[in-house]
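> One structure follows; several queries about it will come next.
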Amino acid sequence: MTINVDSKPGSRPARNQDQPVIFFDTTLRDGEQSPGISLNREDKLEIAHQLVRTGVDVIEAGFPATSPGDFEAVQAIAQQVSGAVVCGLARCVESDIYTCWDAIKDAERPRIHTFISTSDVHLEHQIKKSYDEVVDVARQMVRLSASLCSGDVEFSAMDATRSNRAFLARVLQAAIEEGATTINVPDTVGYTLPTEYASLIDYLYDKVAGLDRVVLSVHCHNDLGLAVANSLVAVERGASQVEVAVNGLGERAGNAALEEVAMALVTRRDLMKRPCNIITTEIARTSRLVANLTGYVVQSNKAVVGKNAFAHESGIHQDGVLKERSTYEIMRAKDIGLGDSDIVLGKHSGRHALRSRLAEVGINLDGERLNEAFRRFKELADHKKAITTLDLEALVSEEMRERHDIYSLTHFYVSAGSNVIPTAQVEVLREEESLRGKAFSGGSVESIFCAIDDAVGITGKLLDFRVRAITSGKDALAEVRVAVEVDGKNYAGQAVAIDVLEASAKAYVRALNSVETGAEVGIARPEWMF
Ligand code: KIV
Ligand code: ZN
């Protein structure tokens, strides 16, 4: 559909028109900084592969100097994921930059992303440096980065939008002179407004020599709900890279949401005039994967990927959509890959059908993993007539997780009913060792959790417990999430099973796994979990 808008001649900046916007995804770095998220190496690899399938150009895989775990995950992504630039973050600190390079150097196309603060408030209270010192450090560290990762160095001026403009221009100029190929102007605290950001971009293009020969990037936080709007206005002003995160994850209120920026560019290409490489039909799956692995469930009314994004509730809207979709729909559900969750397989489907259906949704399994997925599929098919893509995704991610668990539930038995005291018995394997426990309590779930405590010898305090059905129907798979406190630290667990009690037991065992691996989650009461 085309809508005519009055645009004043000359009001649109001509910079980089028709050039694809580069999508830099920071789900695995800034996104992982959301409170309570703790992704392991396998989770990160799975997300990185899916980001490539989604057409992301640059993956910021992590911040290698922050922990050995982050280093390993970034290194694994650099070594195993091809099809996108793999970037690591480093402060403008020599040891960070060397560590970052070590982690990413095996990538097909590596990038070092180094940053230093430029706002007065950060200089005075945090890094305690003068303007001259910041320029000096930025110069040296960009030079070092360029000597290691020649041809692809990104420099960020942290808190750029609250910085003195003339000083900001001076730092960026120095970074370009030392070999930065991408210059990022972050709105670190989500403070700027679209008009102000637009004028900052114009100012920088005017004052920084050579800015038009490197990639200008924007990184917007959502504290005032303006991250996407600010990113789009910057693109209109000539920025060529947007830094985004799936489902808008990120520090505090998050980063600009990948799916919203992409769909805005695609849906309003009449005005935005900038293509991008995002395969929009992968968006729904990418969003689900990230929600499942991070535990951050997408709010129902979230733009593009919320469950209500394509639901029409009012009679007038339904009537209009039935007569002509475009009356109330600006995007189609199928544009983001929805609608493929209809019945896909049933109990007579064979291994080959399962394998090809999984491959169609980007999951390639062979050998033992395919056998295990097939065994689970048959088990589910005995219970559930029509198996959907959502079921298959849940089955496979469940299998992936189990392979890395220290504790695994092998057996549980509960007796419960009216006027009986619920009693549970469980068997948990710790590596090869069988641990048995039993308990009775006020409810069946409580008894199971107490029996697990008895088996493993850890007493967890349940902070939160949530159940949801993966699809509709009484035979739907159940997903349970728990948050558990052990010795003053918080841990989370998630599991999917045909039976709610089994999913509960597995989720609880998984939370205790995190106690063993030290993967605690950050906040006291994890309201974030759903
Ligand atoms: O928000 C920010 O400024 C950042 C930088 C490290 C780019 O995340
Ligand atoms: Zn950020």
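> State which residue is nearest to ligand 1 (Cβ to nearest atom) when the search covers only segment 164-197 and only residues that are small (Gly, Ala, Ser) and under 29 Å from the mean Cα position of the chain (by Cα).
Only one residue tops the list, namely Gly190.
> I'm trying to understand the selection: among the residues of segment 198-236, which are within 14 Å of ligand 1 (Cβ to nearest atom) and not aliphatic (A, V, I, L, M)?
Ser217, His219, Cys220, His221, Asn222, Asp223, Asn230, Ser231
> Against the conditions (1) outside any strand (DSSP E or B); (2) under 26 Å from Gly83 (Cβ atoms); (3) within 16 Å of ligand 2 (Cβ to nearest atom), where does Glu251 fall short? Just the number, please.
Result: Glu251 passes all but (2).
> On to the next question. Out of (1) closer than 19 Å to Ile97 by Cα; (2) more than 28 Å from the chain's Cα centre (by Cα); (3) among the β-branched types (Val, Ile, Thr), what's the single condition that is false for Ile116?
(2)
> Among Ala257, Ala227, which is more than 30 Å from Thr389 (Cα to Cα), touching a strand residue (DSSP E or B) at 6+ places or on another chain (Cβ under 7 Å) and not assigned by TED's automatic domain parsing to the domain that holds Ala495? Give the steps one after another, and end with the answer.
Values: Ala257 fails: more than 30 Å from Thr389 (Cα to Cα).
After ruling out the rest, the residue left standing is Ala227.
> Evaluate segment 470-482: report whether one residue or more is touching a residue at least 60 places away in the same chain (Cβ under 8 Å), crowded, with 18+ Cβ neighbours inside 10 Å and of a type in the set (Lys, Arg).
yes
> Here is a further query. Which one is surrounded by the fewest Cβ atoms within 10 Å (Cβ to Cβ) among residues in segment 138-154 that are in contact with a Lys or Arg (Cβ under 7 Å, 6 or more places away or on another chain) and outside any strand (DSSP E or B)?
Asp152
> Being closer than 25 Å to Phe155 by Cβ, within 16 Å of ligand 1 (Cβ to nearest atom) and at pLDDT 95 or above is true for just one of Ala84, Ala90. Which residue is that?
So the residue among Ala84, Ala90 that is closer than 25 Å to Phe155 by Cβ, within 16 Å of ligand 1 (Cβ to nearest atom) and at pLDDT 95 or above is Ala90.
> Here's a follow-up. Could you please find all residues in segment 432-454 being acidic (Asp, Glu) and buried (at least 17 other Cβ atoms within 10 Å of the Cβ)?
Glu446, Asp453, Asp454
> Sticking with this one: Would you point out the residue of segment 361-370, among those that are surrounded by 12 or more Cβ atoms within 10 Å (Cβ to Cβ) and either on the phi < 0 side of the Ramachandran plot or part of a helix (DSSP H, G or I) (or both), that is modelled with the highest pLDDT?
Leu370
> Name the residues in segment 183-232 that are in a helix (DSSP H, G or I) and within 16 Å of ligand 2 (Cβ to nearest atom), would you? Working first, answer last.
Of all residues in segment 183-232, those in a helix (DSSP H, G or I) come to 194-207, 211-213, 227-232.
Within segment 183-232, Tyr197, Ala227, Val228, Asn230, Ser231 qualify.
> Can you report the number of residues in segment 245-277 which are under 14 Å from the mean Cα position of the chain (by Cα), of a type in the set (Val, Ile, Thr) and more than 16 Å from ligand 1 (Cβ to nearest atom)?
0
> I would also like to ask the following. Mind checking whether some residue in segment 138-145 is under 26 Å from Pro275 (Cα atoms) and not small (Gly, Ala, Ser)?
No: segment 138-145 contains no residue that is under 26 Å from Pro275 (Cα atoms) and not small (Gly, Ala, Ser).
> Also, I was wondering about something else. So, of the residues in segment 164-196 that are small (Gly, Ala, Ser) and over 22 Å from Val242 (Cβ atoms), which turns out to be surrounded by the most Cβ atoms within 10 Å (Cβ to Cβ)?
Ala174
The values are calculated or read from the model by the stated rules, or taken from the named source; none is laboratory data. Since the structure is predicted, the reported quantities are computational estimates derived from the model, not experimental observations. No Cβ is skipped: glycine too gets one built from the backbone with ideal geometry, and neighbour counts run over all protein chains shown.
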